[in-house]
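S.K.: Okay, handing you the structure first.
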Amino acid sequence: MKKIVTIAALCSLPFGFAQADDADLQARADKSKAAIAEFFGNLKGQLEAGMKEGGPVNAIKVCNTVAPAIAKDISAKHQMSVARTSLKVRNPKNAPDAWETKVLKSFEERKAKGEPLDTMAFSEVVESNGKKEYRFMKAIPTGEVCLKCHGENIDPAVKAKLDELYPNDKARGYKLGDLRGAFTVRQTM
């Protein structure tokens with residue numbers, strides 16, 4: 001027997017998707033959070049190792065080559081698409097789609113109203129190419145270490161490496177606590 005989605009959850013779903021039950025949506029949210037936690041943990045470990053090995057310039061190489069491989073592996077393992085995006089992207093391949101842009105802007109509004117970024121997330125069932133898709137995003141706050149490559153005062157050697165690898169880089173000028181971007185998940189239903 002299917003359970004009817006609660007009114008609060010129903011309000012976030014487009015018309016026609018009320019048939020997704022609470023248990024299914026919760027399972028998808030849990031699976032999304034687990035994949036994001038694994039992605040973040042792996043990436044953080046690689047970035048820390050890169051920083052120890054050669055400082056921020058070396059860590060840039062991790063973001064440039066290792067992060068996409070981690071995302072690909074975790075996506076395959078969890079049978080979903082797992083990625084990162086931002087309103088100010090460094091790598092154009094990480095540019096947000098229309099849905100992600102809307103969510104990122106809502107994260108900025110929620111932050112402005114005082115909601116903490118470290119727990120901020122959003123999910124919704126949408127239609128994509130005629131199929132239902134579960135979408136989930138989790139905010140990424142700008143931490144102290146992020147400022148070495150994404151801050152306002154970037155070391156000249158770091159800036160030179162960024163300019164070399166990312167000639168159209170927009171992901172600079174952040175301050176501690178800013179919304180750096182978000183992890184984004186897509187699951188076909």
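S.K.: How much length is gained if the chain between K44 and V145 is pulled fully straight, taking 0.36 nm per residue apart and subtracting their Cα-Cα distance, in nm to one decimal?
M.R.: 35.3 nm
S.K.: Placing unit charges on C-beta atoms (Lys and Arg positive, Asp and Glu negative, everything else neutral), compute the dipole magnitude of the chain about its Cα centre in debye, rounded to 20.
M.R.: 160
S.K.: By the scheme Lys and Arg +1, Asp and Glu -1, what is the net charge of all other residues having a beta-carbon under 15 Å from that of T65?
M.R.: Computed value for this residue: +3.
S.K.: Follow-up question, since we're still on this one. Under 5 Å between amide hydrogens, which residues at least 5 positions from M120 or on another chain qualify, with H placed 1.01 Å from N in the peptide plane?
M.R.: Counting only residues 5 or more places away or on other chains, the set is A139.
S.K.: A further question follows. Could you give the angle, 0 to 90 degrees to the nearest 10, between helix 156-165's Cα long axis and the longest principal axis of the Cα atoms of the chain?
M.R.: Computed tilt is about 50 degrees.
S.K.: What are the radius of gyration and Dmax of region 7-188, computed over its Cα atoms and given in Å?
M.R.: For region 7-188, the Cα radius of gyration and maximum Cα-Cα distance read 17.1, 54 Å.
S.K.: Now a separate question. Given K44/K105; K93/K132; K44/K161; K102/K159; K31/K148, which pairs have Cα atoms separated by over 27 Å?
M.R.: Going by Cα-Cα distance, K102/K159; K31/K148 fall outside the 27 Å limit.
S.K.: Right, another one. Taking K and R as +1 and D and E as -1, what net charge do the other residues with C-beta under 15 Å from the C-beta of P141 add up to?
M.R.: That works out to +3.
S.K.: Tell me the relative contact order for region 23-121 as a rounded percent, counting alpha carbon contacts under 8 Å between residues six or more apart.
M.R.: Contact order relative to length: 17 percent.
S.K.: Which whole-Hz couplings ³J(HN,Hα) result when phi for each residue of region 82-97 is put into the Karplus expression 6.51 cos²θ - 1.76 cosθ + 1.60, θ = phi - 60°, listed in order with x for Gly and Pro?
M.R.: In residue order, the calculated couplings are 10, 8, 10, 8, 6, 6, 10, 8, 8, 9, x, 5, 9, 4, x, 7 Hz.
S.K.: Over all Cα pairs of region 40-90, how is the pair count split among 5 Å bins, expressed in % and running from 0 up to the last occupied bin?
M.R.: Binned Cα distances yield the sequence 5, 21, 25, 23, 16, 7, 2.
S.K.: Taking the number of other C-beta atoms within 10 Å as the exposure measure, put M51, M120 in order starting with the fewest.
M.R.: So the residues, fewest neighbours to most, are M51, M120.
Read-outs: derived from the displayed coordinates by stated rules, not from any lab. All of these numbers come straight from a predicted model, not from anything done at the bench. For neighbour counting, all protein chains shown are included, and Cβ atoms are generated from backbone atoms with ideal geometry for every residue, glycine included.
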